[in-house]
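The structure appears below as structure tokens.
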Amino acid sequence: AVPVRLTAFTQPCPQANAGSGGNECDLSFVLNAVRQFGTGTWTRVSGPGTAIFTPNATTPNATVTVSTYGSYVFRWTEKSGACSSYAEITVNFYRQPSANAGHGGDVCSREFQLSATVPAVGTGMWSMTGGTGTAAFSPDASSSNAIVNVSEYGTKVFTWTVTNGTCSSQAGVTVNFYNPPVPDPGPGGNICGLETYFHAVP
């Protein structure tokens, strides 16, 4: 018959820990959630394609495989009774580029036209990775068929690097720049007879 007052204190749900996202050069990524208090489940929040979690969506370190390259947001939701909490990560799936630098060669000057293949995905960039001196690319180093002009004769290596997001691929060519010879036949003259000596200078 005497009223009794009970005071209850509720604690907030622990914050879910989805781990970290990242960048991937294919269509699969290993997730890394850390279970905090209950049963967790992975879901795809956004992205251009579908997602499959292996072995299942309740595995904290499941491998997610998507159907299309692009940026995805994944949510790790934990529940225990009435308590629920979630956290999200972003994973960028990039297509691995392929670099084809074309062919090198020999040239009797300090100028050579490069012949890389325009990449299907990503952007390419030329650089000189072997040899002495410097190199200038015209119209610029991002042109697949740029003309390279070097400051010194000799053997040079040029690398075509294709980058797509954080993924890259490289291929190189070797070009030999020869100093063109200048012929010097020496002096001519007049001779009293049918025999003379040449005086060419190599």
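Estimate the FRET efficiency between Asn190 and Thr155 by the formula 1/(1 + (r/R0)^6), using the beta-carbon distance for r and 41 Å for R0, to the nearest 0.05. Working shown, then result.
Values: r = 46 Å, r/R0 = 1.12.
My answer for the efficiency is 0.35.
Give, in nm to one decimal, the length gained when the segment between Ser20 and Tyr197 is fully stretched (0.36 nm per residue of separation minus the Cα-Cα distance).
On the way: separation 177, 0.36 × 177 = 63.72 nm, distance 8.35 nm.
This chain segment gains 55.4 nm when fully extended.
Assuming R0 = 45 Å, what is the FRET efficiency of Tyr178 and Ala120, from their Cβ-Cβ distance, to the nearest 0.05? Please list the in-between numbers first.
On the way: r = 35 Å, r/R0 = 0.78.
Efficiency computed from Cβ-Cβ geometry: 0.80.
Per-residue HN-Hα couplings for segment 189-202, Karplus 6.51 cos²θ - 1.76 cosθ + 1.60 at θ = phi - 60°, whole Hz, x for Gly and Pro?
Whole-Hz 3J(HN,Hα) from phi for segment 189-202: x, 10, 9, 8, x, 10, 9, 9, 10, 7, 9, 5, 10, x.
Have a look at the chain and give its Rg and Dmax from the Cα atoms, expressed in angstrom.
Looking at the chain, its Cα Rg and Dmax stand at 33.5, 151 Å.
At what distance in nm do the modelled label points of Asp106 and Thr58 sit from each other, each positioned 7 Å from its Cα along Cα→Cβ?
Distance between label points: 7.1 nm.
In whole Hz, what ³J(HN,Hα) sequence does segment 112-129 give by Karplus (6.51, -1.76, 1.60; θ = phi - 60°), x for Gly and Pro?
Karplus-based 3J(HN,Hα) across segment 112-129 equals 8, 9, 7, 8, 6, 8, 4, x, 5, 9, x, 10, x, 8, 8, 8, 8, 10 Hz.
Using a 1.4 Å probe on the protein chains only, how many percent of the accessible area of segment 89-202 belongs to carbon and sulfur?
Numbers: 3720 of 6940 Å².
That fraction is 54 percent.
What number, in percent, do you get for the relative contact order of segment 52-202 if the mean sequence gap of Cα pairs under 8 Å and at least 6 apart is divided by its residue count?
Details: 305 pairs, mean separation 30.6, N = 151.
Relative contact order, segment 52-202: 20 percent.
Would you mind calculating the relative contact order of segment 55-128 from Cα pairs under 8 angstrom and at least 6 residues apart, reporting the percent as a whole number?
Details: 65 pairs, mean separation 15.7, N = 74.
Reported relative contact order: 21 percent.
The values are calculated or read from the model by the stated rules, or taken from the named source; none is laboratory data. Predicted model only: the values in this text are computed from it and were never measured. Cβ sites come from the backbone with ideal geometry, for glycine too, and all protein chains shown count toward neighbours. Heads up: the accessible areas ignore ligands, DNA and RNA and are worked out on the full protein's heavy atoms, side chains in. Shrake-Rupley method; radii C 1.70, N 1.55, O 1.52, S 1.80 Å.
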